[in-house]
Amino acid sequence: MNIIITGSIGNIGKPLTQELVQKGHSVTVISSKAERQTAIEALGAKAAIGTMQDTDFLSETFKGADIVYLMEAWEGIGSIFDKDVDFVAGFNRIGNNYKKAVEQSGVKRIVHLSSIGAHTNIGNGSLFLHNAVENILKQLPNDVSIKFMRPVGFYTNIFRYMQTIKTEGAIIQNYGGDQKEPWVSPLDIAATIAEEMEKPFDGRAVHYIASDEVSPNEVAKIIGEAIGKPDLKWLVIPGEQILKGMLTAGVNEWIANGFVEMQASQGSGSLYEDYYRNKPTLGKVKMVDFAKEFALVYNKSN
């Protein structure tokens, strides 16, 4: 098949491109950075250099594709440390650009990288933006089939905790405890998407993607053992304290508020209600596997 990948070759795009090329598909990767062209071509794919903001470029690149993989990159909209970035407008603009490009190009099969939390537009913090983009894409004509892929929280998000692990000897968030929650490896996301691309498309479908289910306290135990800190704890502090720390660090106010609300929904379990109603088969990469990767990075940074 002729497959177009948006979002360049990041944590998901790279292994997805590798797997699709290995399976014999013709893959074109869209990247906004011309310097990525060599790396894209080294994977056996073609590079298309342009942005998600350029609808004409997207339409032209999508033409003739059997499947287009769509994703929205936060960094493509702006830095979370830029107080003037309007992420709501940015996501909506990209969603509408994608919709227009799909219509103009005539593509009939779409795989959209959405997110946990996309089932609702309330109570899930900044994740409601994925709900907004899903709803924009649902406005496409009925003969356009869409698979909405909703991965849960990425293992790689745990790298954000590295600083407090070093300075405080703890992971510090506004929720915690022994209630299990799902986590996912980008490798399992890529594998699942590649698999779904080769299956039949029919109308609109939602697929959750997860690799493991572990509680915050178990995360601390697994990561702690991997880095030689068996006493590592997951500490819970008030959301107001987290918010104050983020704002002091210069994080965009909308992003900071959204993060705190999202974590509150993780703690209450409301974020995962639809996930558990439509629970997927868990992937291959477990938290203990990721912990080894975390330990390598952690030890190098010491």
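The values are calculated or read from the model by the stated rules, or taken from the named source; none is laboratory data. The model shown is predicted, which means the values in this text are computed figures rather than measured ones. Note that each Cβ is placed from the backbone with ideal geometry, even for glycine, and that neighbours are counted across all protein chains shown. Protein only, heavy atoms only, side chains kept; ligands, DNA and RNA dropped before computing areas. Shrake-Rupley method; radii C 1.70, N 1.55, O 1.52, S 1.80 Å.
A simple count of charges around His25, restricted to other residues whose Cβ falls under 11 Å of its Cβ and scoring Lys, Arg +1 and Asp, Glu -1, yields -2. Counting only Cβ charges, +1 for Lys and Arg and -1 for Asp and Glu, the dipole size of region 218-302 around its Cα centre is about 340 debye.
Other residues whose C-beta falls under 14 angstrom from the C-beta of Thr38 contribute a net charge of +2, scoring Lys and Arg +1 and Asp and Glu -1. Restricting attention to region 129-263, close to 20% of DSSP beta bridges with both partner residues there are antiparallel.
Computed from point charges on the beta carbon alone (+1 for Lys and Arg, -1 for Asp and Glu), the dipole magnitude for the chain about its Cα centre is near 320 Debye. Counting heavy atoms of the protein chains alone, Ile49 has an accessible area of about 60 Å² for a 1.4 Å probe. Farthest towards the positive end of the charge dipole of the chain, among the residues Phe294, Gly95, Val260, is the Cα of Phe294, using unit charges on the Cβ of Lys, Arg, Asp and Glu. For the pairs Lys180/Lys244; Lys83/Lys166; Lys14/Lys46; Lys221/Lys284, note any where the Cα-Cα span goes beyond 22 Å. Going by Cα-Cα distance, Lys180/Lys244; Lys83/Lys166 fall outside the 22 Å limit. As a ratio to 2.2 N^0.38 Å, the alpha-carbon radius of gyration computed for region 146-296 takes the value 1.12.
May I ask for the net charge around Phe91, where only other residues with Cβ less than 13 Å from the Cβ of Phe91 are counted and Lys, Arg are +1 while Asp, Glu are -1?
Values: positive: Arg93, Lys99; negative: Glu72, Glu75, Asp86, Glu134.
For residues surrounding Phe91, the net value is -2.
Sorting His112, His25 by accessible area puts them as His25, His112; the probe is 1.4 Å, largest comes first, and only protein heavy atoms count.
Hull volume per residue, based on the alpha-carbon atoms of region 162-226 and their convex hull, is 123 Å³. For the Cα atoms of the chain, what angle does the longest principal axis make with the long axis of helix 13-22, in degrees from 0 to 90, nearest 10? So the helix axis and the longest Cα principal axis differ by about 50 degrees. Oblate is the label for region 239-302, because the ratio a/c of its alpha-carbon gyration tensor axes (a ≥ b ≥ c) is 1.5 or higher and a/b is not greater than b/c.
Residue ranges 255-267, 5-17 sort as 5-17, 255-267 when ordered by packing (mean number of other C-beta atoms within 10 Å per residue, highest first).
Which number do you get for Rg(Cα) / (2.2 N^0.38 Å) in the chain?
Numbers: Rg = 19.4 Å, N = 302, 2.2 N^0.38 = 19.3 Å.
Normalised Rg, Cα atoms only: 1.01.
Ignoring any ligand, DNA or RNA, what whole percent of the accessible area of region 149-302 comes from carbon and sulfur when the probe is 1.4 angstrom?
Values: 3990 of 7510 Å².
On region 149-302, the fraction of accessible area on carbon and sulfur atoms equals 53 percent.
Each peptide in 210-218, 290-298 receives the mean, over its residues, of other Cβ atoms within 10 Å, and ordering these scores from highest gives 210-218, 290-298. Highest-first packing order for the peptide set 84-91, 276-283, 64-71 is 64-71, 84-91, 276-283, based on the mean count of other beta carbon atoms within 10 Å.
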